[in-house]
1. Measuring from a point 7 Å past the Cα of T306 along Cα-to-C-beta, which residues in region 393-417 have an amide N at less than 18 Å?
2. Each residue of region 302-308 in order: what ³J(HN,Hα) in whole Hz does its phi give by Karplus 6.51 cos²θ - 1.76 cosθ + 1.60, θ = phi - 60°, with x for Gly and Pro?
3. Which value, in debye to the nearest 20, gives the size of the charge dipole of region 211-412 about its Cα centre, when Lys and Arg are +1 and Asp and Glu are -1 at the Cβ?
4. List T329, T215, T18 from most exposed to least, where exposure is judged by having the fewest other Cβ atoms within 10 Å.
5. Please work out how many pairs of lysine residues in region 3-96 are eight or more positions apart (or on different chains) and have Cα atoms closer than 23 angstrom.
6. Pop the C-beta distance of L6 and E255 into the FRET formula with R0 = 35 Å and round what comes out to the nearest 0.05.
7. So, in Å, what gap is there between the alpha-carbon centers of region 383-407 and region 15-90?
8. Under Stokes-Einstein, with the Kirkwood radius over Cα pairs standing in for Rh, what whole-number D in µm²/s applies to region 296-349 at 37 °C and 0.692 mPa s?
Amino acid sequence: MPVEILMPELGESVHEGTVSKWLKQVGDFVKEDEPVVEIMTDKVNTELGAPASGYLVQIIIPEGSDVEVFNPMGLIEPDEAAAKAALKGGTPPAEATPAAPTPTMPAAPTAPAPVGQPVPAAERRRLSPLVRTMAKEHSVSAEELASIPGSGAGGRVNRRDLEGFLARRGAPGTQPTAAPTVASGPDKDTYALTGMRKMIADHMVRSSQVPTVSTLTEVDVTALVQFRAANKDSFLAQYGVKFTYTPFFMKALAECLTEFPALNSSIDGYQVTVNKNVHMGVAVSLGEKGEGGLIVPVIRDCQAKTVVELAKDLEVIAAKARTSTLDVTDVQGATFTLTNPGSYGAILGTPMISAPQAGILGTYGIVKRPVIVEDMIAVRSIMNLVLTYDHRLVDGLMAGRFLQSLKAKLEQFLFFR
């Protein structure tokens, strides 16, 4: 009996991915867990291992095509005789052939719903959550959706179909995916976003629909700066990791998230999930010099770890990001996100929330400023913290108290108590 190669769930709010490359061809023998196909989403590019040893007898989803979570992408036949028979006939064995999808459109033509009316149930069944979200973002009516020919299984309208429709309709900022370079000239090149950058763009558009507010506070981190200057060499010698500021931010943040669990929650419609453990997504650079952009791997159970343990975990994921060896589990399950624009010189900004998380904290550059301390002018190391939060879950009072608690922890610098 053939074994299906299924599209896994690669992160929150990721309903489908793109098959970027088949590493094996039909007829090839593969071992269990051997990389067989590359998948790309806005969260990660990853290689999927074979679910069983055997022969790849069918590729269901070709390169460049989208596939929804938990749908089959190909078939592996463990039995050599059955595989040869399937390959000789050009089709998989009868018992392994995926069942034809249940028709989702009525047999008799039905009139499309009026513009502005809810999409009928039958129409909703042939649209993935991603397509429904895109249609809402671009104000595509039920009538327009009904007019789009679907190229997916059972006539489903997939993302590529909708993108083609939007390009033909002239939706702002949308270009056909078939032609990455649209126009070139002596002074400019125009191209369409593709691959990972396009998926990031889609996710950011979805996140932009969340009603967010950003709140800022200043923190005097002189004690932290002085401690680092005095101990960075001994810290490396004693613990085997470089002394950076980020693990201290993570430690203080994890303590605050246990005090204010609403900021460690997520929302889906009107369903709220409050997380008891802090799984922190930390933005790091992809590639040796950051040429691959940013990705947000997850450090788990931060509330139970020391600063040194967090520093070691951070070094591991940063090394994996630099060498492009992050896997699916490295980017799944974040409950809150920390981004550190201060590492590249930014002193202020408003980070964008990563839906469906309730919040994201931006830590910005540390600069020396003259400030008033006990009615005297003193030079202190000051930084900005900016909290962006989902206003459906967190109000301004809670956000202010959260930042005040975080400020106090960083200024008091009691991390080794």
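Readers should treat all values here as calculations from the given coordinates under stated rules, not as data from a laboratory. Bear in mind that the values here come from a model prediction, so they are computed numbers and not experimental data. Please note: Cβ atoms are built from the backbone with ideal geometry, for glycine as well, and neighbour counts cover all protein chains shown.
1. Within reach of a label on T306: 413-417.
2. Each residue's phi maps through the Karplus curve to give 4, 5, 9, 10, 7, 4, 5 Hz.
3. 280
4. With the sparsest Cβ surroundings first, the list reads T329, T215, T18.
5. Total qualifying Lys-Lys pairs in region 3-96 comes to 6.
6. It comes to 0.35.
7. Cα centres, region 383-407 to region 15-90: 45 Å.
8. Rounded to a whole number, D works out at 262 µm²/s.
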